[in-house]
Amino acid sequence: MAALLEVILPVFIVIGFGYLAVWKGYFSDSGVDGLMKFTQNFAIPCLLFRAISTLDLQQSFDLVLLGSFYAGALGGFLAGLLGARYIFARDWEDSVAIGFCCLFSNSLLLGLPITERAYGVSALEANYAIIAIHSPFCYGVGITAMEIARNRGGAVSALPGKVLRAMFQNALIIGIALGFVVNLSGYPAPVVLADALDLIARAALPAALFGLGGVLYRYRPEGDMRTIMYVVAVSLLLHPAIVWVLGQAGGLGVAGTRSAILTAAMAPGVNAYIFANMYGRAKRVAASSVLMATGLSILTIWGWLALLP
């Protein structure tokens, strides 16, 4: 009960404030759009840039940590893709969008604050290692699969260009890439610039959580309930379970186990809807899955926290 009250609920109360503010008309839809544009295009890229640029890459990039997490993510994607196709009889393009919902856990807006509240700031190094390749990996898998589904019989040689163009239009990936450049160069950002970026980065998570609440208000569940609940089960239960088994088999340490499982246990992020909307496929399933999984994750995260060492 203490974990629920002290770790999980404060994060979801901030989301709830955003939801309530938009529901009651105290905060407009255009305000939510502006807030999310600020957080996703500026504040969170600054946060990621600063985190990656100062990360101890040799210590943080544990192959067991990354292998277990991303094998679990890929397992979730395949479960979503094949389940949508063969259980729910969706076409391949819809199935890719549904698979992406099961692939892209909300590692930033939920994973970071919940891990920090549960285990402290020092526990976030493994989270940042996961996040450093999260967007590139997930968008790489999703865009590649969608382009294959859309271009059956087309030229394969055009795929790499399409994937790279789509990925490097994403501000999060640009922030991560620049962070790696600074880290590997050995030349830290000037103090004045670093302090300015830190000021912006401090606003990232609380503003994004409030904005997420406003975004979720738009996505009230409609139809396709069996498919939506399937996505919720894969995202909140199967993905972290795979990570747990692989992490234990590989001898992953306590800190890495906590970060990997908590990140895997997060609900699909808003990026799941953005991806579906980008291709115009399974938008209702994606939007409703984000909303329902976010709400239900209050209980499932509590359960995973109780099981973790």
With all protein chains modelled, accessible area of Phe38 [1.4 Å, Å²]: 80 Å²
Accessible area (Å², per residue) of segment 209-309, counting only protein heavy atoms and a probe of 1.4 Å: 37 Å²
Pairs of Cα atoms under 8 Å, at least six residues apart: use those to get the relative contact order of the chain, whole percent. 35 percent
With every protein chain left in place, what is the accessible area per residue of segment 1-141 in square angstrom, probe 1.4 Å? 40 Å²
Helical contribution to [θ] at 222 nm, DSSP H n ≥ 4, -39,500 (n - 2.57), averaged over the chain, rounded to 500: -23000 deg cm²/dmol
Below 15 angstrom from the Cβ of Asn127, what's the summed charge of the other residues (Lys, Arg +1; Asp, Glu -1)? -1
Report in % the part of the accessible area of the chain that belongs to carbon and sulfur, leaving out ligands and nucleic acids; probe 1.4 Å. 65 percent
Just the projected area, averaged over all directions, of the convex hull on the alpha carbon atoms of the chain: how many nm²? 16.3 nm²
For Leu307 and Asp91 in one chain, what is 0.36 nm times their gap in residues minus the Cα-Cα distance, to one decimal in nm? 74.0 nm
Ranked highest first by average number of other Cβ atoms within 10 Å, how do 289-295, 24-30 line up? 289-295, 24-30
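The values are calculated or read from the model by the stated rules, or taken from the named source; none is laboratory data. Keep in mind that what you see is a predicted model, and the values were worked out from it rather than measured. Here the Cβ is made from the backbone with ideal geometry for all residues, glycine too, and neighbour counts use every protein chain on show. For accessibility, only protein heavy atoms count, side chains too; no ligands or nucleic acids. Shrake-Rupley method; radii C 1.70, N 1.55, O 1.52, S 1.80 Å.
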